[in-house]
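Written below as structure tokens is the structure these notes are about.
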Amino acid sequence: MVGMRDVAKKAGVSLSTVSLVVNGTGYVSDDMRARVTEAMQSLNYIPNELARNLYRDRTNTIGVIVPTIRHPFFATFTAALQREFSARGLRTMLCSTADSDTGESEYIDMLQRHMMDGIVMAAHTAHPTDYWTSIGRPVVAFDRYLGTGIPSVGSDHEQGGRMLAELLIRTGARHVVMIGGPRSQFHDLAVGGADTVGAGVRDTTFPTVRYYLTLERELKAAGVRYDYVEAGEVGDFEGYAVAAHHVFDWFGGAGDGRGEDAVDAIVSSDLGASYAVQEAIRCGVRIPDDVQIVAYDGTYLAGTAGVRLTAVRQDFEGLAAAVAARMTGLIAGGAGGAAGAVGAGDADRDAAGSTGAGASAGSADGSSGAAGAGTADLLPLTLRIGDSTR
């Protein structure tokens, strides 16, 4: 097997010169570089990537931890993220906590032992917030708050909640039912407790609950009745099917004599909204005349539910690009690859929808709506009108 010593002998240079050329470090004259390159080609020398990465303290591998790859949201996101990392010369190692016995602990151990360059954390974690900052290696949170100092990337879910509210109020909804995960997730850090949205709220690791809380606040202000029906955890597909069934059992539909108590609008993830379509058809409830159904996420599932769903769409390509920029910035020793934090006034403007892809929002202490993240990139959402709303 041809090695660096053979290349050095062939080129008539020192072993250290060959090492500098192979690893792309240090200064080598153009003449020396050309001689080494010619010798490598002549000998058909293939550099040992593992050895080169060890020399650089790099593996070019990023761990991505999600709850489950079965869910359409995480399947869509990880596909976009893998493409983005690949374009940057990085490999992706995927961990699905619901589908793995070891979960996140194995990946954290690999990160600490320098077997990967960084981790994107997109799953719920039982670790305290100071655990993540103590790792001392690149970690980027996606749609999660892991603690002060851990950069976070996600959609502007408060903007998403306002989009939903404006649509439903404008189309005359009288009774809105939301289907989502356990309500306990809304305040899982147990440092607040009030269903409020805005400055100073730092009691959840789940920024996505902001769209529910914002929607509830806006509906209440408009005098529109709303209810929340809990489904299971994100990977509990059956839980969402059961919850959609209960919505019509408990609240009924138009024409069953319940009057204004009847549900006439349902909001859920693409998965929950798709199950709601099935239940409406089963009950003979007309979409959108009797009940409007709005999906939140805008994955492929929103177009295959039997009715083309109106959806608040997350920018998966933009989210993946923002996560990759943060990660490569951390690996390079920078601030995570995004612009510095802006003030609360700017965050309010951004939440209204003017934030560009990869823009940064939130004050340094996370008080302006980034779910408490020290540095948060919030990307705007868009509304796609389908056939499930009036």
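The values are calculated or read from the model by the stated rules, or taken from the named source; none is laboratory data. From a predicted model like this one, the values you see are computed outputs, not experimental measurements. Cβ placement follows ideal geometry from the backbone for every residue including glycine, while neighbour counts extend to all protein chains displayed.
Structure values in brief
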quantity: Given (1) modelled with pLDDT of 55 or more; (2) surrounded by fewer than 24 Cβ atoms within 10 Å (Cβ to Cβ), number of the condition residue 280 does not satisfy; calculated: (2)
quantity: Test result for residue 305, part of a loop (DSSP other than H, G, I, E, B) and closer than 25 Å to residue 209 by Cβ; calculated: yes
quantity: Matching option when the condition is touching a Leu at 6+ places or on another chain (Cβ under 6 Å), outside the structural domain of residue 123 (by TED's automatic domain parsing), under 15 Å from residue 179 (Cβ atoms) and hydrophobic (A, V, I, L, M, F, W, C), among 265, 241, 280, 305; calculated: 265
quantity: Residue in the stretch 258-273 that is modelled with the highest pLDDT, counting only those that are surrounded by fewer than 24 Cβ atoms within 10 Å (Cβ to Cβ) and of a type outside the set (D, E, K, R); calculated: 262
quantity: Enumeration of residues in the stretch 235-255 that are touching a Phe, Trp or Tyr at 6+ places or on another chain (Cβ under 8 Å) and either among the small types (Gly, Ala, Ser) or not in a helix (DSSP H, G or I) (or both); calculated: 241, 243, 244
quantity: Condition met for residue 286 (part of a loop (DSSP other than H, G, I, E, B), under 22 Å from residue 172 (Cα atoms) and not assigned by TED's automatic domain parsing to the domain that holds residue 77); calculated: yes
quantity: Segments classed as helices (runs of 4 or more DSSP H), wholly inside the stretch 26-125, with at least 1 members that are at pLDDT below 85; calculated: 49-56, 104-112
